[in-house]
Amino acid sequence: MHDKTMSLAEAAALVPDGASLGIGGSIMSRTPMAMIWQLIKSGRRNLNVSRSMMSTDGDWVVGSGIADRIETSWCAQGISWGLSKVARDRFETGAVVYEEWSHLAMGQRYHAGAMGVPFMPMRTVIGSDLERLAAGKVGRSTCPFTGEEVLLVPALNPEVAIIHVQRCDRFGNAQIDGLPFMDIDLACAADRVILTTEEIVSTEQIRRAPERTRIPFFCVEAVVDVPFGSAPHECFGLYEPMMRHLDRYVARANSDPRGGFEALMTELVHEPADWTQFLERIGVAELVEAMGRGRSIYRD
């Protein structure tokens, strides 16, 4: 156990070009947007990105050029806006390879990676187009106990995982409020884990509720203190999505998936000197409103 705290830029240096990168959270929940922002700002290239279900983060990693391959079950701009025109443009032109799996298959692959086994059996993809599209990467087998035919999906072990949490200590003992999604398996499956957190608390506070610690220190290589690190997405119990900002973003991105998106990246990523300046682009009023809605779950 040692102090693993560092800046966003220092953490981004742990992600080399060409690495396989697993992103925690799901859709618009606990997305490590600050870390993705920094990877784009740092000019990473040729990343192989995986996530259970992608949203604005998918737009960012695909449209910015930091990723040349995506493995996921869904890539949209969020439930309210449908499929991403930015991602669709990059996938259809071949600029980025899209490898589609079912949501359960993504979970099973991370779970196999976390267990240290080469594959995991499942039933649900059998006979679907997903099985056909994954030809050569999946295989059928017969259960030696029941004789039932099952599909085997390969383990997924990202070289780096980036995960956002509500709180952790400086050693990387992390607590997650609300749904953990696939983050525990992702943390155990990855070679190294970068945590961004809403706050760094004392180890004594972590030990007062050990059952809430979902990711242990020995999985973690870096801890970055980033309040509003999921913005403009949500972080359960702290803030909800910043919908007005996202409405404006989607309208501009969809109106021009190339030039419009590049202008957004300049405005939201390249011009701000740090994460605080990015948050200023969202606006204090919207941040405060999102925080009020997020914390309302604790009110009677």
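The values are calculated or read from the model by the stated rules, or taken from the named source; none is laboratory data. As the structure is a computational prediction, the values presented were derived from the model and not from experiment. For neighbour counting, all protein chains shown are included, and Cβ atoms are generated from backbone atoms with ideal geometry for every residue, glycine included. We work out accessible area using only protein heavy atoms, side chains counted, and drop any ligands, DNA or RNA first. Shrake-Rupley method; radii C 1.70, N 1.55, O 1.52, S 1.80 Å.
List of remarks:
- Residues satisfying the criterion are present in the stretch 107-127 (criterion: surrounded by 12 or more Cβ atoms within 10 Å (Cβ to Cβ), modelled with pLDDT of 95 or more and within 28 Å of Val250 (Cβ to Cβ)).
- The one condition in (1) part of a loop (DSSP other than H, G, I, E, B); (2) open to solvent by 50 Å² or more (accessible area, probe 1.4 Å) that Tyr98 fails to fulfil: (1)
- Taken over the stretch 29-50, the criterion of being assigned to a loop (DSSP other than H, G, I, E, B) and either without any contact (Cβ under 8 Å) to a residue 40 or more places away in the chain or in contact with an Asp or Glu (Cβ under 6 Å, 6 or more places away or on another chain) (or both) is satisfied by Thr31, Ser42, Gly43, Arg44, Arg45, Asn46.
- Odd one out for Pro154, checked against (1) more than 18 Å from Gly107 (Cβ to Cβ); (2) open to solvent by 30 Å² or more (accessible area, probe 1.4 Å); (3) touching a Phe, Trp or Tyr at 6+ places or on another chain (Cβ under 6 Å): (1)
- Answer residue from the stretch 84-95, given it is outside any loop (DSSP other than H, G, I, E, B) and touching a Cys at 6+ places or on another chain (Cβ under 9 Å) and is surrounded by the fewest Cβ atoms within 10 Å (Cβ to Cβ) among those: Arg88
- Pairs, first touching a residue at least 60 places away in the same chain (Cβ under 8 Å) and at negative phi in the stretch 219-232, second among the aromatic types (Phe, Trp, Tyr) and surrounded by fewer than 24 Cβ atoms within 10 Å (Cβ to Cβ), C-beta under 7 Å, six or more apart: Val226/Trp275
- Figure legend. Inter-residue proximity from the stretch 264-278: first residues over 20 Å from Asp57 (Cβ atoms), second residues small (Gly, Ala, Ser), beta-carbon distance below 6 Å, spacing 6+ or different chains. No pairs are indicated.
- Checked against the criteria, Ile79 does not count as of a type in the set (Val, Ile, Thr) and either touching a Gly at 6+ places or on another chain (Cβ under 7 Å) or closer than 17 Å to Leu14 by Cβ (or both).
- Candidate set from the stretch 157-182 (those that are among the charged types (D, E, K, R) and open to solvent by 70 Å² or more (accessible area, probe 1.4 Å)); member that is nearest to Ile27 (Cα to Cα): Glu159
- Considered as a group, the residues in the stretch 262-300 that are of a type in the set (Asp, Glu) and in a helix (DSSP H, G or I) include one that is surrounded by the most Cβ atoms within 10 Å (Cβ to Cβ), and that residue is Glu286.
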